[in-house]
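What follows draws every value from the coordinates through simple rules; no lab data is involved. Keep in mind that what you see is a predicted model, and the values were worked out from it rather than measured. Note that we place each Cβ from the backbone using ideal geometry, even for glycine, and neighbour counts take in every protein chain shown.
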């Protein structure tokens, strides 16, 4: 399997009064959250990197991302493209081990 340098996946940011912003990656079936938009974006990038790192390391199939224009969202949601630069993820993992 060829390693990809950068992945870009759509995520759905959901907003509920008095709650953290939830972030869901429908193509990967994983979610995270953040106390504000910056924190949610950071959490989303971290999660995306960890999930894709794991899939690559396990040589599992990596699903194709859905086009942003094909994302259906509710009134309190918005679709956002999240990117992750994999060389940085691999470098961080090497430092942790």
*Rounded to the nearest 500, what is the 222 nm mean residue ellipticity of the chain from helices alone, with -39500 (n - 2.57) per DSSP H run of 4+ residues and division by all residues?*
-11000 deg cm²/dmol
*Would you kindly state how much longer the chain becomes between residue 85 and residue 4 on full extension, computed as 0.36 nm times their sequence separation minus their alpha carbon distance, in nm to one decimal?*
28.3 nm
*Using the alpha-carbon atoms, what tilt in degrees (0 to 90, nearest 10) does helix 37-57 show relative to the longest principal axis of the chain?*
30 degrees
*What's the FRET efficiency of residue 17 with residue 92 using the Cβ-Cβ distance as r and R₀ = 25 Å, to the nearest 0.05?*
0.10
*Among 67, 44, 79, which one shows the biggest mean-square fluctuation in a GNM of the chain, springs joining Cα atoms closer than 10 Å?*
67
*So what's the angle, to the nearest 10 degrees on a 0 to 90 scale, between helix 86-96 and the longest Cα principal axis of the chain?*
70 degrees
